[in-house]
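Contents: one structure, followed by commentary.
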Amino acid sequence: MQDKILKLRDLLVSTGLQEESGSIIYSGDSTLKKGLFYFLGTNPGGNNLNYPDTILNQVMLSKEKNEYFEGNWGNSTHQETIKRMFKTFDISLKDTFSTNTSFIRSPGEQNYQPRYPINELSIKKESKAIKQLKKDGRETFWPIQEYFLSVVKPKLVIANGSIARDLFWKKIKGKEFKDFEIEIENKFEYPKLLRGRKFCHLFKGDLITENIFLENLMVISLPHLSFQDYAFHEPGINWVKKIIQNNF
């Protein structure tokens, strides 16, 4: 295990962002092993720590701390929704490898503070913060994500939110995510909201890079679970549960 952590440390240092506030492994070091499932969120939120808050310190000092059971996020509703979701799936959250698309800490997607140069300023429909979060995940931190995937070799990625979903869509499909490209039976729409629409999505395909080949990788995404409580997400969670039961 120590060799894996040292490899992770070296990959992190190569980004130049090791001293930023944040974290990488959310599930305890020992979960970095081969497994069926891979849980991917957006980025780490607030937390109370017993060491200076840098990504590098989290890599080297967090050991077996599991953020879902031991972390103090300041948003217990989000935490409890994730725990209840995995219990509904009958999947051990404690044994599932979990990380984020970006490893820089912020209290939410909309408040994400860019830490890395961005050149895609012409994109108009997304805030600069969201664009930056995607850039970090797809480019800056991808070698670390790729390393994790090469170890875990998952059959299913459970994506918490659209940014985590889009990372895998882009890597598998090679283009921007478009909802109309998902077949109707592979998406679930939440009951109508006063504003906006929320969906769960399913897609699969081969993830092929210079370093990994994951054949027929399945990705299931939910709206970010920090958006309201478990009761709100329960219809989508039950839709995902049926897919998992039918495939694993």
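The values are calculated or read from the model by the stated rules, or taken from the named source; none is laboratory data. These numbers were taken from a predicted model, which means no experiment stands behind them. Cβ: placed from backbone, ideal geometry, glycine included. Neighbour counts: every protein chain shown.
Numerical summary
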quantity: Subset of the range 164-181 (residues that are of a type outside the set (Asp, Glu) and in contact (Cβ under 8 Å) with a residue 12 or more places away in the chain); calculated: Ala164, Arg165, Leu167, Phe168, Trp169, Lys170, Lys171, Ile172, Lys173, Phe177
quantity: Count of the range 21-34 residues which are buried (at least 19 other Cβ atoms within 10 Å of the Cβ) and either farther than 21 Å from Lys153 by Cα or small (Gly, Ala, Ser) (or both); calculated: 5
quantity: Residue list for the range 198-248, restricted to those being among the hydroxyl-bearing types (Ser, Thr, Tyr) and within 20 Å of Trp169 (Cβ to Cβ); calculated: Thr209, Ser221
quantity: Residue within the range 210-233 that is at pLDDT 95 or above, closer than 17 Å to Met85 by Cβ, touching a Gly at 6+ places or on another chain (Cβ under 7 Å) and aliphatic (A, V, I, L, M) present; calculated: yes
quantity: Residue match in the range 224-241 (condition: at negative phi and assigned to a strand (DSSP E or B)); calculated: no
quantity: Residue count, the range 5-24 (criterion: within 23 Å of Leu167 (Cα to Cα) and either in contact with a Lys or Arg (Cβ under 9 Å, 6 or more places away or on another chain) or of a type in the set (D, E, K, R) (or both)); calculated: 9
quantity: Verdict on Ile244 being modelled with pLDDT of 95 or more, crowded, with 17+ Cβ neighbours inside 10 Å, part of a helix (DSSP H, G or I) and in contact with a helix residue (DSSP H, G or I) (Cβ under 9 Å, 6 or more places away or on another chain); calculated: yes
quantity: Residue count for the range 35-53, restricted to those that are crowded, with 24+ Cβ neighbours inside 10 Å, of a type outside the set (A, V, I, L, M) and touching a helix residue (DSSP H, G or I) at 6+ places or on another chain (Cβ under 7 Å); calculated: 4
quantity: Helices (runs of 4 or more DSSP H) (entirely within the range 1-106) containing at least 1 residues that are within 16 Å of the chain's Cα centre (by Cα) and among the hydroxyl-bearing types (Ser, Thr, Tyr); calculated: 67-70, 76-89
quantity: All helices (runs of 4 or more DSSP H) inside the range 127-184 with 3 or more residues being modelled with pLDDT of 95 or more; calculated: 142-152, 162-173
